[in-house]
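J.: This structure is in structure tokens; I'll ask about it shortly.
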Amino acid sequence: MASIWKGSISFGLLNIPVTLQGAQSEKEISFSMLDKKDLSRIQYKKINAKTGKEVPYENIVKGYEYSSGRYVLITEDEIKKSNVKASQTIDIEDVVSLDEIDPMYFERPYYLVPQKGAEKGYYLLRDALQKSGKVAVSKIVIRIKQHLAMIMPKGEYLMLELLRFGHEVKTEKIRCLSAARGTDITLYFVLVNLFFIFSSFRRKS
């Protein structure tokens, strides 16, 4: 399995060389847009919304719309300067219980695989987390983006779960929940009991 990142887990004097490998498989079917007359691919052009004319690539700039129709232009140099500097370490910030982290913050899992010669430190960390029932909250930079992450034991390996930051999780109440509070709770008990009776009957048959 190809690694997407190579570096070290860092915590005080602890330094464990590892690689990061994907733990999920995403298979999506993609379609091409074709002209049904001769099956030629459809191309998209960048058109000026006012003139309707095509704009050459060298004339296209990036801008942030701060109010309707008003923009602040941003250069490629400014974008590069704002990017987080790449780091080759997973910096452990804290050690907490797994139940202290809401599953809503889980984003994407990865395997942490020890590099050659790093097995001893790797398994010591795994065993320490297993015995304590804890996970390690950390930070990692992948490409140019900094991520919050969680290191946790999973069987023989350590897993790294990318976490969402607080501002990335919506905390709005779901309408149907507030609506359900006003309904007769007795009806729910009846429906639940009917479900279990039906399930029991199906298993026996």
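The values are calculated or read from the model by the stated rules, or taken from the named source; none is laboratory data. Quick caveat: nothing in here was measured; it's all calculated off a predicted structure. Here the Cβ is made from the backbone with ideal geometry for all residues, glycine too, and neighbour counts use every protein chain on show. These accessible areas exclude ligands, DNA and RNA; they are computed on the full protein's heavy atoms, side chains included. Shrake-Rupley method; radii C 1.70, N 1.55, O 1.52, S 1.80 Å.
J.: For the pair PHE106 and LYS154, how long in nm is the line joining their label points, each one 7 Å along Cα→Cβ?
T.: Reported label-point gap for PHE106 and LYS154 is 0.9 nm.
J.: For the stretch 9-126, what does the equivalent ellipsoid look like in terms of its semi-axes, each the square root of 5 times an eigenvalue of the Cα gyration tensor, given largest first in whole Å?
T.: 45, 24, 16
J.: Continuing with this model, one more query. For a 29 Å ceiling on Cα separation, which of these pairs sit above it: LYS116/LYS139; LYS81/LYS116; LYS6/LYS27; LYS145/LYS170?
T.: Listed pairs above 29 Å: LYS81/LYS116.
J.: Counting only other residues whose beta carbon sits under 14 Å from that of SER3, what net charge do I get with K and R as +1, D and E as -1?
T.: Counting the neighbours of SER3, the net charge comes to +3.
J.: Same structure, new question: For the stretch 1-77, which whole percent of the accessible surface, found with a 1.4 angstrom probe, sits on carbon and sulfur atoms?
T.: After summing per-atom areas, the C and S share lands at 53 percent.
J.: Under a Cβ-Cβ cut-off of 10 Å, what is the net charge of the residues other than ALA149 that fall near it, where Lys and Arg count +1 and Asp and Glu count -1?
T.: -2
J.: For the stretch 22-82, with every protein chain kept in place, what is the accessible area per residue (1.4 Å probe, Å²)?
T.: Here the per-residue accessible area is 107 Å².
J.: Ranked highest first by average number of other Cβ atoms within 10 Å, how do 41-51, 124-134 line up?
T.: Ranking the peptides 41-51, 124-134 by packing returns 124-134, 41-51.
J.: Something else: Taking the mean number of other Cβ atoms within 10 Å as a proxy for protection, how do you rank 107-115, 94-102 from highest to lowest?
T.: 107-115, 94-102
J.: Quick check: with the 1.4 Å probe, what order do THR19, THR75, THR171 take by accessible area, largest first?
T.: From most exposed to least exposed: THR171, THR75, THR19.
J.: Something else about it: Give me the extension gain from LEU194 to VAL113: residue separation times 0.36 nm, minus the current Cα-Cα distance, reported in nm with one decimal.
T.: 24.3 nm
J.: Still on this structure, please answer the following. If you roll a 1.4 angstrom probe over the protein chains with everything in place, what fraction of the accessible area of the stretch 119-163 belongs to carbon and sulfur, to the nearest %?
T.: In the stretch 119-163, the share of accessible area belonging to carbon and sulfur is 55 percent.
J.: Take the Cβ-Cβ distance between ASP38 and ILE60 as r, set R0 to 35 Å, and report the resulting FRET efficiency rounded to the nearest 0.05.
T.: 0.70
J.: How much length is gained on full extension from ASP99 to LYS6, taking 0.36 nm per residue of separation minus their Cα-Cα distance?
T.: 30.6 nm
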